[in-house]
Amino acid sequence: MKNIVLLGHGVGVKFVVDSLLKNSKTHRVVALFTHPFSDHKRDLELIESRKDIYGDYAYNVFNLKKDYDIEVHESENINNPQTVSEIKDYNPAYIISIGCRSILKAPFLNEFPQKILNIHTTPLPTYRGAASDSWMILNNELGKEKYGCMHFIDSGIDTGDIIAKSYYTIPKKSYPIDVFKARMDIFHEIILKGLTNLENPSFIPEKQDSSASTTFPRLYTPEDGKINFNDYSGDDLILFILAFGYPFEGAFCFLEDQKINILDAEFYNDFDFHPFSYGLIFGKNENNEYKVSVKGGYIIVKKIEINGEFTKQSKIFRLGKFLK
């Protein structure tokens, strides 16, 4: 039985362990190295606050020992010589990154030549780096088939040769949580496809076309999620609302001093307004869902939250007032 050491965190770790236990007689996960528990707290708090949304797609990797008898090690930097020594003690056939927070440096790579792999769940060479779900929505990838990769790790960021691909489709209406779930589903399959290819002496990995690469920055909803009613078209505004929605707190605007998170809306273009009116709450429908003027038409707001709690629009919105 060949040993695998995992680097990283998240439910992908669990899915890989489950898949190997169920399907592989040749490989097993023996250890996980992850960032310190204190650095997990923000993610764990988000998962706890949205546990009804995450469902089976949330996992605390510190439960690996209890659930699977797999050792969990905390390391501030995987490149640390002490961490390298601890990894060596497991005699790994492969070291696989699943959301590892450390950028692996040349000395680490040289210690384990051709053994260090990454599972990257977006279609390399596009969407390199850690930011993908919200950007895939903003870039209107909705309804499209995409793939994730297993690839060798080299000195670049997600630039190594591709070992295996696994495909998924992004739902036509997606929040980041929906894109996330679609991406996570590939872990069960891609770990098996990748290891099978690696064990084939005639296998040749696929080189990436770096001229087609894209990289996007991380987004932080409380800072980046403010709605711009003046410049975005109605279609772009809907994508923006989706991109900062669940599991996050939602794209936001203000009515006077009240912060409002808009979680769902629909765009209509049967009436076009003068730009001076953009952001104006001008009407409502029979369901007491309010209409807001935007570029190219108007949106009907379907759901809002205040401080993370669902709120009836009639308690907040006022006809003739502007959202800013």
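If the cut-off is a Cα-Cα distance under 13 Å, which aspartates and glutamates reach K172, setting aside same-chain residues fewer than 8 apart in sequence?
Within reach: E141, E145.
Pull up the cross-link candidates among the aspartates and glutamates for K321, meaning alpha carbon to alpha carbon under 16 Å and not fewer than 8 places away within one chain.
E256, D257, E289
Hey, which aspartates and glutamates would be in cross-link range of K207, C-alpha to C-alpha under 20 Å, not counting anything within fewer than 8 residues on its own chain?
Straight-line reach from K207, under 20 Å: D154, D158, D161, E199.
According to a simple spin-label model (label point 7 Å from Cα along Cα-to-Cβ), what is the distance in nm between F203 and A130?
Taking the two extended label points, one gets 2.8 nm.
Suppose a student asked you for the relative contact order of the chain, using Cα pairs under 8 Å spaced at least 6 residues apart; what percent would you report?
14 percent
Please sort 288-298, 57-67 by packing, taking for each peptide the average over its residues of neighbouring beta carbons within 10 angstrom, highest first.
The packing order, highest mean first, is 288-298, 57-67.
For Cα extents along the principal axes in Å, the listed values are (i) 69, 40, 34; (ii) 87, 34, 33; (iii) 118, 64, 42; which was obtained by calculation from the structure presented?
Here Cα extents along the principal axes in Å agrees with entry (i).
Place a +1 charge on the Cβ of each Lys and Arg in the chain and a -1 charge on the Cβ of each Asp and Glu, then give the dipole magnitude about the Cα centre in debye, rounded to the nearest 20.
Details: 38 positive and 43 negative charges, 52 e Å.
That gives the chain a dipole magnitude of about 240 debye.
Between their Cα atoms, which of K259/K303; K144/K226; K22/K193 are more than 20 Å away from each other?
K144/K226
May I ask what percent, to the nearest 5, of DSSP beta bridges between residues of the chain are antiparallel?
Roughly 60 percent of the DSSP beta bridges within the chain come out antiparallel.
No value in this document is a laboratory result; all are computed from the given coordinates. Keep in mind it's a predicted model, so treat the numbers as computed, not measured. All Cβ positions, even for glycine, are placed from backbone atoms using ideal geometry, and neighbour counts span all protein chains on display.
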